[in-house]
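One structure is given below, encoded as structure tokens.
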Amino acid sequence: MPSLRHSYTLTVLEEPAASPLDKPELRRKSQSLSRSMLVSKFMGLIINPAKNKSPQGLVGLRNLGNTCFMNSILQCLSNTTELRDYCLKNIHCTDLQNDSRTNSALMEEFAKLTQSLWTSVNNDSISPSDFRSQIQRFAPKFVGCNQQDAQEFLRFLLDGLHNEVNRVTIRPRVSVEDFDHLTDVEKGSRMWNMYLEREDSKVVDLFVGQLKSCLTCTACGFSSTMFDPFWDLSIPIAQKNSSEITLKDCLKLFTKEDVLDGEERPTCDRCRARRKCTKRFSIQKFPQILVLHLKRFSDSNVRASKLSTFVNFPLKDLDLREFAAEGSERPVYNLYAVSNHTGNTLGGHYTAYCRNPALGEWYSYNDSRVSPISSSQVRSSNAYVLFYELAAPSHSKYQICRL
């Protein structure tokens, strides 16, 4: 986008004369664009913090009544560099204007809030009330002041943002193709391209990866593979009698071979009958932003409980090649944000630890309060959702070009 620094005059905010052809939704988008144009002048200060006496992105969010879960996730996303720049550089406006759909209020409010967090001239906390109203319209389950789950909120939010900036305005019909003659790498590539034909946005660019599942019949040995997109990975917390629990222990538990027997038995395509099978996960395509959800809350309907196990996770150089499918890339990730939960299933509180992308230093975001912390404080038994960024551009053997 061309620089707008030379054109900041009062005329930028003037509205054109009303026209009978004006549509309210187009006028609203135009006004939003005019407001957000002013944000661009702050980008030099953000990208070059040495020139900025008051570092940006260190602004708290007011709690509107049990909204700490929302504030925690918003701060993690605000410190996601490419998503932040997508809002600050007004690229989202282009995607919204290219969309024939009129519903864009959630993305607009998210962008406006992100801009406020990064262009505020002081460190006073900001009320996310306008954004909250929009997320409640998109996902009514968040209406009210009940305690909510941060990871569930993240999924709803990313889905809502993606839907509004999806580059695909007319989705093609889902076609059924025979992939049995293809190798797993070719099949994964084909299915990823089919996904992009329907779901293609900046949000997908950043957060979506591809999971491979291999199902093997123990009776005849027939194996089948499936490839599914994922926005995050919910991984179980490993339990040991001794030594520490590491993040890789949890990932090994997630990807270990499971036996499907009894009522779980699937139908074998070769046997044409329900058979005992084994199932194993691996990662075919690693996303730019890898979100790992530690399953601290039990799925039991008898009694809800929380695991407060300390999981040791690396802040830098998380090498996940042992979890990569054959033919995939070698992924190395660096941590940049953590959503924390303190308390239990009856009551708790969410905070966030984020590494400021401009300063490279860690901060604690506790609703309205923002304070510096050392990197040694980032790991704790309260870590709930981990945000990792790919350390270097991926060079997958089947890196896919958009159709």
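The values are calculated or read from the model by the stated rules, or taken from the named source; none is laboratory data. It should be emphasised that the depicted structure is a prediction, and the values quoted were computed from it without experimental measurement. Here the Cβ positions follow ideal geometry from the backbone for every residue, glycine too, while neighbour counts run over all protein chains shown. For accessibility, only protein heavy atoms count, side chains too; no ligands or nucleic acids. Shrake-Rupley method; radii C 1.70, N 1.55, O 1.52, S 1.80 Å.
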Open item on the list: Can you tell me how many residues within segment 344-367 are open to solvent by less than 50 Å² (accessible area, probe 1.4 Å), touching a residue at least 24 places away in the same chain (Cβ under 8 Å) and either more than 15 Å from residue 77 (Cβ to Cβ) or touching a Ser or Thr at 6+ places or on another chain (Cβ under 9 Å) (or both)?
Closed with: 13
Open item on the list: With at pLDDT below 90 and either among the hydrophobic types (A, V, I, L, M, F, W, C) or in contact with an Asp or Glu (Cβ under 6 Å, 6 or more places away or on another chain) (or both) as the only criterion, which of 88, 154, 96, 117 stands out?
Closed with: 96
- [ ] Kindly provide the set of residues from segment 237-255 that are at pLDDT below 95 and on the phi < 0 side of the Ramachandran plot, ordered by number.
- [x] 238, 239, 240, 241, 242, 244
Task: The lone exception for residue 334 - which of (1) in a loop (DSSP other than H, G, I, E, B); (2) surrounded by fewer than 18 Cβ atoms within 10 Å (Cβ to Cβ); (3) under 20 Å from the mean Cα position of the chain (by Cα) it fails - done: (1)
TODO: Quickly run through segment 301-311 and pick out the residues that are surrounded by fewer than 20 Cβ atoms within 10 Å (Cβ to Cβ) and in a strand (DSSP E or B).
DONE: 306
Task: Hits in segment 344-378 (condition: part of a loop (DSSP other than H, G, I, E, B), closer than 15 Å to residue 315 by Cα and either modelled with pLDDT under 95 or over 20 Å from the mean Cα position of the chain (by Cα) (or both)) - done: 357, 360, 361, 373, 374
Open item on the list: Being buried (at least 17 other Cβ atoms within 10 Å of the Cβ) and assigned to a loop (DSSP other than H, G, I, E, B) is the filter here; which residues of segment 320-331 pass it?
Closed with: 320, 325, 328, 329, 331
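When you look at residue 214, is it surrounded by 18 or more Cβ atoms within 10 Å (Cβ to Cβ) and modelled with pLDDT of 90 or more, yes or no?
In short, no.
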TODO: Considering each of 243, 234, 282 in turn, give the residue that is assigned to a loop (DSSP other than H, G, I, E, B) and among the hydroxyl-bearing types (Ser, Thr, Tyr).
DONE: 243
Open item on the list: On the basis of being at pLDDT 95 or above and not in a strand (DSSP E or B), does residue 314 make the cut?
Closed with: yes
- [ ] Give the residues of segment 142-200 that are over 30 Å from residue 348 (Cα atoms), open to solvent by less than 40 Å² (accessible area, probe 1.4 Å), touching a residue at least 60 places away in the same chain (Cβ under 8 Å) and not small (Gly, Ala, Ser), sorted by residue number.
- [x] 164, 165, 166, 192, 193, 196, 200
TODO: Go through segment 285-300 and count every residue that is in a loop (DSSP other than H, G, I, E, B) and in contact with a Leu (Cβ under 6 Å, 6 or more places away or on another chain).
DONE: 2
Task: Subset of segment 246-255 [open to solvent by less than 60 Å² (accessible area, probe 1.4 Å) and either in a strand (DSSP E or B) or of a type in the set (D, E, K, R) (or both)] - done: 246, 249
